[in-house]
Structure formats: structure tokens, C-alpha cells
Amino acid sequence: MEKYEPYFALLEKHLKESVVLTNEEVSKLMEVVEVVELKRKAFLLEAGQLSQHMRFIAKGSARCFYLDEKSQEHTLQLGIEEWWINDLYSYLTQKESKLYIQAIEPAVILQISRENLEQLYQTIPTISTFFRLKIQSAYVALQERTIEHMSSDVYTRYQRFVKEYRNIEQRVPQYMIASYLGVTPEFLSYLKKKHIENLS
């Protein structure tokens, strides 16, 4: 487990940026954290499964997507180190997921099971506060993105993506970014060339 210590330290730092935790509380949390190593393109969750964990990206990058009736991919979320990635709908409702979570790069995921988290909520209320804040933030981000897709043109959406996800673009294939923005890779390439001066 020694090789995972930097990842546990990263999770601890991340938690303490939002809430106050004692060393004893951190130790109790880390006791139930599971480590999952993923090769590139490996799946962490597939459609039809139940999402039973909260998942923290400690190394690498991952994406969350679904397939439509024509088997076209639609990317809902992209994430790198210190981001959480999950199907919250499946996790909260305990209904089968319609989504896939896949490693884009080789990744190390730290995850905590739903059962263990429920127990931690009782013994360490601050942990409950942390995840309540995370779920609220995810809901706000989802609503903002939904409104943006209905009211903004593609170039405006791309500008915002570049600004907010500056560390992701160089690590994620263009077709995934295009899928996230709801356009074809060809159209995204056209936009970037057309507005290249504005994006520098």
C-alpha cells in the first residue's frame, strides 16, 4: 500500500480544502477507501450496473458518457486529478446506470462504497457535509451546462470549456471534447481554426 500513499495524501488535501477533519477522522476514512487501477480505455462502470461508490480521480483522466439508440457516444463529464466522477443518479436512486465511466489515460481511482459512506456519515458528520457540498455543486454545474446548451452558440460553449478546463484539453482526444460540446469533431476543428487568434 506504500505506493498509494501519495494518492491518499492527495485525497486528504482535497477533503481539507472544503471541511475541517482531525487526523483520527482522516484515518477512519482512509481505512475504507478502495484503490482501483485502470488501464487506458478500461471501464470503471458500465450501463446496466449499479453505481455503488463515490469515486475520486487520484491519477490520470476519465470520462462519463452514454450511448444513444444509434450507438453514438455523448460525453457528459470529463475529469482529471482531484475531480470526482460518478453516475450520481444511479448512486442516489440505486437504479441501473445508463452511463459508462471509462479511463482516458491509465488511472488510479480512490473509491468509497455507499455502505461505508453511510456509516461514516453517522460517526463523522463532517464527511456528510463534504459530500453534500459535492452533490450540490454537481447539481448546479449540471443545470448551468443544460442552460448553456440551450442558450449559447457552439463557439461560446467552446470558449468556456477552454477557460474552465484548461488542463484537460491537451490530455483528451478531440472527438471526446466535441462529444462533450455536442458537435462533430470536424466542426470543432473548423471552429478552432476559424477563431484561433481568440483562443490564444
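The values are calculated or read from the model by the stated rules, or taken from the named source; none is laboratory data. Bear in mind that the values here come from a model prediction, so they are computed numbers and not experimental data. Cβ coordinates were reconstructed from backbone atoms using ideal geometry, including for glycine residues, and neighbour counts include every protein chain displayed. Just so you know, the surface numbers come from the protein's heavy atoms only, side chains and all, with ligands and any DNA or RNA stripped out. Shrake-Rupley method; radii C 1.70, N 1.55, O 1.52, S 1.80 Å.
Looking at (1) outside any helix (DSSP H, G or I); (2) open to solvent by less than 80 Å² (accessible area, probe 1.4 Å), find the lone condition where L15 falls short.
(1)
Filter segment 18-39 for residues that are open to solvent by 30 Å² or more (accessible area, probe 1.4 Å) and free of Cβ contacts under 8 Å to residues at least 24 places away in the same chain; which is nearest to K59 (Cα to Cα)?
Checking each candidate, the answer is M30.
Go through V26, V32, V36, V20 for me and flag whichever is under 28 Å from Y180 (Cα atoms) and either modelled with pLDDT under 95 or out of contact with any Phe, Trp or Tyr (no Cβ under 7 Å at 6 or more places or on another chain) (or both).
Going through V26, V32, V36, V20 in turn, just one is under 28 Å from Y180 (Cα atoms) and either modelled with pLDDT under 95 or out of contact with any Phe, Trp or Tyr (no Cβ under 7 Å at 6 or more places or on another chain) (or both): V36.
If I104 satisfies all but one of (1) farther than 19 Å from S179 by Cβ; (2) within 15 Å of the chain's Cα centre (by Cα); (3) surrounded by 17 or more Cβ atoms within 10 Å (Cβ to Cβ), what's the number of the condition it fails?
(1)
Name every residue in segment 119-155 that is over 23 Å from T22 (Cβ atoms) and not in a helix (DSSP H, G or I), in order of residue number.
S152, D153
Which of the residues spanning segment 40-50 are open to solvent by less than 40 Å² (accessible area, probe 1.4 Å) and in contact with a helix residue (DSSP H, G or I) (Cβ under 7 Å, 6 or more places away or on another chain)?
Matches in segment 40-50: none.
Can you pull out every residue in segment 85-101 that is open to solvent by 40 Å² or more (accessible area, probe 1.4 Å) and of a type outside the set (S, T, N, Q)?
L88, Y89, L92, K95, E96, K98, Y100
List the residue pairs whose Cβ atoms are under 9 Å apart, where the first residue sits in segment 160-175 and is among the aliphatic types (A, V, I, L, M), the second is open to solvent by less than 80 Å² (accessible area, probe 1.4 Å) and assigned to a helix (DSSP H, G or I), and the two are 6 or more positions apart or on different chains.
Hits for this filter: V162/E169; V162/L199; I168/F161; I168/I177; V172/Y180.
Out of (1) open to solvent by 40 Å² or more (accessible area, probe 1.4 Å); (2) β-branched (V, I, T); (3) closer than 30 Å to E37 by Cα, the odd one out for I168 is which?
(1)
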